[in-house]
Amino acid sequence: MAVSAVRGMHDLYGDELRQWIAVEVRIKNVLGQFGYNEIRTPVLEKVEVFSHTVGQDTDIVEKQMYTVSDVGDECLVLRPEGTASFVRAVVEHQLLQSSDPGRYFYYLPMFRHERPQKGRLRQFHQFGIELIQDSSPEGDAEIVGLVDHLFREARFDAYEVKINSIGCENCRPSYREKLKSFFKSTLGSLCEQCQKRFERSVLRILDCKNESCKKIVESAPLITGHLCNDCQTHHQNFKKRLGQIGVSFVEDPHIVRGLDYYCRTAFEFVSGVLGAQSAVAAGGRYDGIASRFGAKPFPAVGVAIGMERLMMGLEQKGVLKTLKSGPVYYFAALGDKAFESLYGLADKLKKEGVWVEMNYEKNKSLKSQLKQADRCGARFVLIVGDDEIASGQGLLKEMQSGNQISLHLADLQQDLMRRAIVVP
């Protein structure tokens, strides 16, 4: 019986995985520089973690969560997003009282049962970056500026930053009523999903991707004209700080985010090279989410970065070709004496952190070993045979240029270590 991976879930291996790891390392280095500490939450959570925070009427809770087990009255699900799990951990472990400064990140797989397509999988990976105990617009700007910086460190520049304010519990109710009054006369022209949203969460109509709905939304009242004084001041200062740290942005009053827990600042990083799934990162402020766990609310702002979409963008921009990695050295041993000489040396270099490949099948021809070195992407091939053992000189070939030089076998380890360090 042929067995394949679950639809919408992707195996990572070989060059693709090495490219992922190269990007992951760059992102984690930037997060460390900004003082963010890693946190890891379980893949399984109680369903209430999401139904009480993300929203009962969202697509995630209604039809996208994977239910894994019903144990008595306890329903368990595979984690569909990261923020709710993170806040659950903050509340449960009293991280608000921690000596850490309130900066956290996680890099985890998420699971949603939806129709797989390019840029949208059933198992996908996200970097989540969260700043808690900070209610300032400067905190919002820090998160947006951090994502802007780490994208550039990853050599991805094909994106636009869109921002909005979606108000707070003081000014949003009146705006919601104005929206309901506006959409009531066009209700029959809205898509089926938006007709449901009309009663449950009318703001989400603004974010509908249906073309007929988008045309109607163009004439809808804008939230920016209904913000309270505090929200207006917060948004103005947020924009000011973005300008100070050199982040270019455009205001988009239709960005509302699809989850119930957002307030005030909302933003997206969108890329034209990704097609329909254009958002590569998105987030905003979620000050009141802890109250949904029965805890005292605390201010927080965060962002989720989709790794699959970021890697798609890097591929479109040609960056992934430069991230292709391979061994520094391939040892081509010709004869038993050469094999004995190089086997121990390969082990020593590996323990010093130098990637070395060597074929353990003896008596392979030089031609076949050079082909193998080329297939695995080795930068150099060290050729040693009986003649080289007798003369005390090995031959080092640079694969890209074809240039060859002789090396003294007596100083081989030091020489190869030195060359490995300077290779770009």
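The values are calculated or read from the model by the stated rules, or taken from the named source; none is laboratory data. Values in this document were obtained by computation on a predicted structure and should not be read as measured data. Because the Cβ atoms are built from the backbone with ideal geometry, glycine has one as well, and the counts that use them run over all protein chains shown. Areas reflect the complete protein model, heavy atoms only, side chains present, ligands, DNA and RNA absent. Shrake-Rupley method; radii C 1.70, N 1.55, O 1.52, S 1.80 Å.
Worth pointing out:
- Residues of the range 97-113 satisfying the condition of being in contact (Cβ under 8 Å) with a residue 40 or more places away in the chain and open to solvent by less than 30 Å² (accessible area, probe 1.4 Å): TYR104, PHE105, TYR106, LEU108, PHE111
- Residue identified as touching a residue at least 24 places away in the same chain (Cβ under 8 Å) and under 19 Å from TYR106 (Cα atoms) among GLY272, GLY302, GLY288: GLY302
- In the range 150-165, residue surrounded by the fewest Cβ atoms within 10 Å (Cβ to Cβ) [restricted to those that are under 23 Å from VAL30 (Cα atoms) and in contact with a helix residue (DSSP H, G or I) (Cβ under 6 Å, 6 or more places away or on another chain)]: GLU153
- Residue match in the range 154-173 (condition: more than 27 Å from GLY288 (Cβ to Cβ) and without any contact (Cβ under 8 Å) to a residue 24 or more places away in the chain): no
- Leading residue by the ranking (surrounded by the fewest Cβ atoms within 10 Å (Cβ to Cβ)) among those in the range 205-234 that are in contact with a Lys or Arg (Cβ under 8 Å, 6 or more places away or on another chain) and over 13 Å from ILE166 (Cα atoms): CYS208
Here is a yes/no grid of residues against (1) surrounded by fewer than 19 Cβ atoms within 10 Å (Cβ to Cβ); (2) of a type outside the set (A, V, I, L, M, F, W, C); (3) assigned to a helix (DSSP H, G or I):
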position: TYR261; (1), (2), (3): no, yes, no
position: VAL280; (1), (2), (3): no, no, no
position: PRO297; (1), (2), (3): yes, yes, no
position: VAL301; (1), (2), (3): no, no, no
position: LYS321; (1), (2), (3): yes, yes, yes
position: LYS348; (1), (2), (3): yes, yes, yes
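- Within the span defined as the range 182-204, one or more residues are basic (Lys, Arg), open to solvent by less than 70 Å² (accessible area, probe 1.4 Å), in a helix (DSSP H, G or I) and closer than 19 Å to ARG285 by Cβ.
- Any hit, the range 96-111, residues being part of a helix (DSSP H, G or I) and at pLDDT 80 or above: yes
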